[in-house]
1. For the chain, what is the relative contact order in percent, using Cα pairs closer than 8 Å and at least 6 residues apart in sequence?
2. Given +1 on the Cβ of Lys and Arg, -1 on the Cβ of Asp and Glu, and no further charges, what dipole in debye does the chain carry about its Cα centre, rounded to the nearest 20?
3. What is the Cα coordinate range of segment 4-78 on the first, second and third principal axes, sorted by size from largest, in whole angstrom?
4. Would you check the accessible area of residue 61, probe 1.4 Å, heavy atoms only, in square angstrom rounded to 10?
5. Of the residues 26, 14, 36, which exhibits the maximal mean-square fluctuation in a Gaussian network model of the chain defined by a 10 Å Cα contact cut-off?
6. Please compute the net charge surrounding residue 12, taking Lys and Arg as +1 and Asp and Glu as -1 over other residues with Cβ under 13 Å from its Cβ.
7. Treat each spin label as a single point 7 Å out from the Cα along the C-beta direction, and report the residue 69 to residue 42 distance in nm.
8. Could you work out the helix-only [θ] at 222 nm for the chain, with each DSSP H run of four or more residues adding -39,500 (n - 2.57) and the total divided by the number of residues, to the nearest 500 deg cm²/dmol?
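The values are calculated or read from the model by the stated rules, or taken from the named source; none is laboratory data. What you see is a predicted model; the values in this text were computed from it and never measured. Counting neighbours? That spans all protein chains shown, and the Cβs are built from the backbone with ideal geometry, glycine included. For accessibility, only protein heavy atoms count, side chains too; no ligands or nucleic acids. Shrake-Rupley method; radii C 1.70, N 1.55, O 1.52, S 1.80 Å.
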Amino acid sequence: MNHSECALCQLRDGECGRVLTIGECGNLRQRLLDLGFVEGVRVRRLFSAPSGDPAAYLIRDAVIALRASDAAGITVMKYGFFQ
């Protein structure tokens, strides 16, 4: 299993990771925290739109769509693919 840090937007469809940090500030940071993107939570990229943006992420049994520009501010520890 390959563990490495990357931005949330760099996960491929089906990959999962654990949130390390949220680098955004202000209203966007608060909104991400309200949606459940807190340190230590597991997140999986489900799929992306046909154009590639936005992408859908599964976090705490909820599906959240984020633009790549917003997901770029979230650092995760990548764990690979769910079986």
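1. Numbers: 171 pairs, mean separation 39.0, N = 83.
About 47 percent, as a whole number.
2. Rounded to the nearest 20 debye, it is 120 debye.
3. Computed over segment 4-78, the largest-to-smallest principal extents equal 30, 24, 22 Å.
4. Residue 61 exposes around 150 Å² with every protein chain in place.
5. Ranking 26, 14, 36 by mean-square fluctuation puts 26 first.
6. +1
7. Reported label-point gap for residue 69 and residue 42 is 3.3 nm.
8. Value at 222 nm, helices only: -3500 deg cm²/dmol.
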